[in-house]
Amino acid sequence: DLSKAMSQAGSSQFQEVIRQELEYSMKVELDKILATAHSNEIEHTKKDLEGFKKLFHRFLQEKGPSVDWGKIQRPPEDSIQPYEKIKARGLPDNIASVLNKLVVVKLNGGLGTSMGCKGPKSLIGVRNENTFLDLTVQQIEHLNKSYNTDVPLVLMNSFNTDDDTKKILQKYSHSRVKIYTFNQSRYPRINKETLLPIAKDVSYSGENTECWYPPGHGDIYASFYNSGLLDNLIAEGKEYIFVSNIDNLGATVDLYILNHLMNPPNGKRCEFVMEVTNKTRADVKGGTLTQYENKLRLVEIAQVPKAHVDEFKSVSKFKIFNTNNLWIALSAIKRLQEKNAIDMEIIVNPKTLDGGLNVIQLETAVGAAIKSFENSLGINVPRSRFLPVKTTSDLLLVMSNLYSLNAGSLTMSEKREFPTVPLVKLGSSFTKVQDYLRRFESIPDMLELDHLTVSGDVTFGKNVSLKGTVIIIANHGDRIDIPAGALLENKIVSGNLRILDH
């Protein structure tokens, strides 16, 4: 046993030496990159590279999954409140004074590449020519007009989306919403083999675009603080931010949740509230709230040891998932940021670049910080508050008559008999937005649809109605045109336009 102990000690010493060498090499490379910055870039580049260095240090220290599965427990009953209970408290007469303490923050760092679009995802048209950003501004403007308040909108951009977003913001200059922006950090991608940056200088245009990445939405705390905007908003008397993904069309300001935060029933304010909702079969991979070492903790699928992944996906054991709609106290962000006390697990995201080079990017997720805040709470909200548009299949749902649009907010049509959304799977011919739009002369009537699967070269004429379960499969080389005015109810349409009952 002595020799075993000695070899273990030797091995850990050896690993420590390698770690130190890697950190030293990384520091040398980052210093070289910083040396290429212009005088006006030095300050923020330095902050970015310092933040990256901390993340890289932690990445080298941590081994294996970041959670001990044996310590994961179901959250205590009162730590996740049903939305109905919060709504039942009603609203105070002075809701305007509560609203004036709020800031809406939208995570706007993503590009529309997964849907075949160039530029920021927030500028994709979703409904009646309105983009995600248009709908967001309309919602907040409606709030400000209805209650005579001043709720500002803050966009967290990335270096990928900043220029295009700022250009488009001019069109809202006369709207009744103050709009601010700040940028996420810009971190260097690292070669998977050498663990060194692939960037040789600070530029991120042309052939260097692939050298850099925005490090996930967990970066919001540091970049919001570093931008100076956090302090400005606190000075204006703002107390809470409501953070959500800009592509989640269900994430509107909820007055009942806001009132619960500002006027807590037990007198003790929450610093962090996470909206969760019940899992369906489509959400088995979503992060879930657990109790871990007496704190609420968000556990993502990437942190789960392989042997427990099926258990994690089980709808019976982990019934809820994180919608990424979060309400956070500004003063708490400031306090924790100044103490360097926000702890988020590292997500290692492997990528293969166009030239075939394997790189990794180190990221963090905004919700993972829940364990660093005091008096955190989960609120189990209706599914309608989680309406993300990640694919053209999602886009079809929100463009259809399943939803009506009012003051920038989408609500499920009252004519739909059940509150669940149909399951829609559009094949690869529909992946890009422009192809998808070309294939629908008009969006079908989907009020009575349960399930739609479309595969292959399929187009839809005007005024098509889909009901029940509809499966349309064009074989390779075949094309199916669904004629204008067609009603498909519980049908399978295949190869040569044979229509079969399902």
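The values are calculated or read from the model by the stated rules, or taken from the named source; none is laboratory data. As the structure is a prediction and not an experimental result, all values here were calculated from the model. As a convention, Cβ positions derive from the backbone with ideal geometry for all residues, glycine included, and neighbour counts pool all protein chains shown. Areas reflect the complete protein model, heavy atoms only, side chains present, ligands, DNA and RNA absent. Shrake-Rupley method; radii C 1.70, N 1.55, O 1.52, S 1.80 Å.
Roughly speaking, what is the stretch gain from ARG58 to ASP163, that is 0.36 nm per residue apart minus the C-alpha to C-alpha distance, in nm to one decimal? It would help to have the intermediate numbers written out before the result.
Values: separation 105, 0.36 × 105 = 37.80 nm, distance 3.19 nm.
Here the answer is 34.6 nm.
Heavy atoms only, probe 1.4 Å: what % of the accessible area of the chain goes to carbon and sulfur, would you let me know? Intermediate results must be reported in sequence, preceding the final value.
Working: 12090 of 24160 Å².
About 50 percent, which is the carbon plus sulfur part of the accessible surface.
So what's the convex hull volume per residue for the Cα atoms of the stretch 255-332, in Å³? Could you put the intermediate results ahead of the total?
Values: hull volume 10.2 nm³, N = 78.
Taking only Cα atoms, the stretch 255-332 has a hull volume of 130 Å³ per residue.
Restricting attention to the alpha-carbon atoms of the stretch 163-268, what are Rg (one decimal) and Dmax (integer), both in Å?
Rg then Dmax for the stretch 163-268, in Å: 18.8, 56.
Can you list the GluC sites (Glu not before Pro) in the stretch 213-321 that are in a DSSP coil and have 16 or fewer other beta carbons within 10 angstrom?
Working: sites: GLU236, GLU239, GLU271, GLU275, GLU293, GLU300, GLU311; in loops: GLU236, GLU239, GLU271, GLU293, GLU300.
Those satisfying the criteria are GLU236, GLU293.
Given the alpha-carbon gyration tensor of the stretch 220-304, what are the semi-axes of its equivalent ellipsoid in whole angstrom, ordered largest first, with each equal to the square root of 5 times an eigenvalue? Write down the numbers at each step before the final one.
Details: eigenvalues 134, 64, 51 Å².
Over the Cα atoms of the stretch 220-304, the ellipsoid semi-axes are 26, 18, 16 Å.
Taking Cα centroids, how far is the stretch 282-343 from the stretch 373-420 in Å?
One Cα centre to the other: 22 Å.
Report, largest value first, the span of the C-alpha coordinates of the stretch 259-383 along each principal axis, in whole Å.
55, 39, 27
What residues of the stretch 298-336 lie in the reach of a label at SER79, counting those whose backbone N is under 12 Å from a point 7 Å from the Cα along Cα→Cβ?
Those under the cut-off are 298-299.
Beta carbons within 10 angstrom, averaged per residue: use that to sort the peptides 322-328, 285-291, highest first.
On the way: 322-328: 24.4, 285-291: 19.7.
With the highest mean Cβ count within 10 Å placed first, the list reads 322-328, 285-291.
Find the accessible area per residue for the chain; the probe is 1.4 Å, ligands and nucleic acids are left out, and the unit is Å². The partial results should precede the final answer.
Numbers: 24160 Å² over 502 residues.
Accessible surface, normalised per residue, equals 48 Å².
Using the alpha carbon gyration tensor of the stretch 123-221, what are the three equivalent-ellipsoid semi-axes (square root of 5 times each eigenvalue), largest first, in whole Å?
Working: eigenvalues 242, 40, 26 Å².
Rounded to whole Å, the semi-axes are 35, 14, 11.
Extension gain LYS118-ASN263, at 0.36 nm per residue separation less the Cα-Cα distance, in nm?
Details: separation 145, 0.36 × 145 = 52.20 nm, distance 4.37 nm.
Answer, rounded to one decimal: 47.8 nm.
Find, among the trypsin sites (Lys or Arg not before Pro) in the stretch 208-270, those assigned to loop by DSSP (not H, G, I, E, B) with at most 10 other beta-carbon atoms within 10 angstrom.
Details: sites: LYS238, LYS268, ARG269; in loops: LYS238, LYS268, ARG269.
In loop regions of the stretch 208-270 (DSSP not H, G, I, E or B), the sparsely surrounded trypsin sites (Lys or Arg not before Pro) are LYS268.
How far, in nm, would the chain grow between ASN130 and THR36 when pulled straight, counting 0.36 nm per residue and subtracting the alpha carbon separation? Each step should come with its number before you reach the end.
Details: separation 94, 0.36 × 94 = 33.84 nm, distance 4.14 nm.
Full-extension gain reported as 29.7 nm.
Which of the aspartates and glutamates could be linked to LYS390 by a straight reach, that is with a Cα gap under 17 Å, when you skip same-chain ones fewer than 8 residues away?
ASP247, ASP283, ASP435
Rounded to the nearest whole Å³, what is the per residue volume of the convex hull around the Cα atoms of the chain?
Details: hull volume 96.4 nm³, N = 502.
Given the Cα convex hull of the chain, per-residue volume reads 192 Å³.
Between LYS145 and GLU441, how high is the FRET efficiency from 1/(1 + (r/R0)^6) when r is the Cβ-Cβ distance and R₀ = 35 Å? Nearest 0.05.
Given R0 = 35 Å and the Cβ-Cβ separation, E is 0.45.
Normalise the Cα radius of gyration of the stretch 78-128 by 2.2 N^0.38 Å (N = residues in it) and let me know the number. Before the final figure, lay out the partial values.
Values: Rg = 18.3 Å, N = 51, 2.2 N^0.38 = 9.8 Å.
In units of the globular-protein estimate, the stretch 78-128 measures up at 1.87.
Go through the stretch 215-228 residue by residue and turn each phi into a ³J(HN,Hα) via Karplus (6.51, -1.76, 1.60, θ = phi - 60°); whole Hz please, and just put x for glycine and proline.
Using θ = phi - 60°, the values come out as x, x, 6, x, 6, 4, 5, 5, 6, 5, 5, 5, 6, x Hz.
Of the listed peptides 340-346, 411-417, 472-478, what is their order by residue-averaged count of other C-beta atoms within 10 Å, with the highest listed first?
Working: 340-346: 17.0, 411-417: 12.0, 472-478: 14.7.
Order by mean packing, descending: 340-346, 472-478, 411-417.
For the pair LYS462 and TYR204, how long in nm is the line joining their label points, each one 7 Å along Cα→Cβ?
Spacing of the two 7 Å Cα→Cβ label points: 4.6 nm.
What fraction, in whole percent, of alpha-carbon pairs in the stretch 300-449 exceed 25 Å separation? Before the final figure, lay out each step's value.
Values: 6129 of 11175 pairs.
Percentage above 25 Å: 55.
Applying 1/(1 + (r/R0)^6) with R0 = 30 Å to the Cβ-Cβ distance of SER404 and LYS425, what FRET efficiency is obtained, to the nearest 0.05?
Calculated transfer efficiency: 0.80.
Where a Cα-Cα gap under 16 Å defines reach, which lysines qualify for LYS339, not counting those fewer than 8 residues away within the same chain?
Counting by Cα, and skipping residues close in sequence, LYS339 has these lysines nearby: LYS54, LYS371.
Mind jotting down the three principal axis lengths of the stretch 390-492 based on Cα atoms? Whole angstrom, largest first.
In descending order, the Cα extents are 43, 27, 21 Å.
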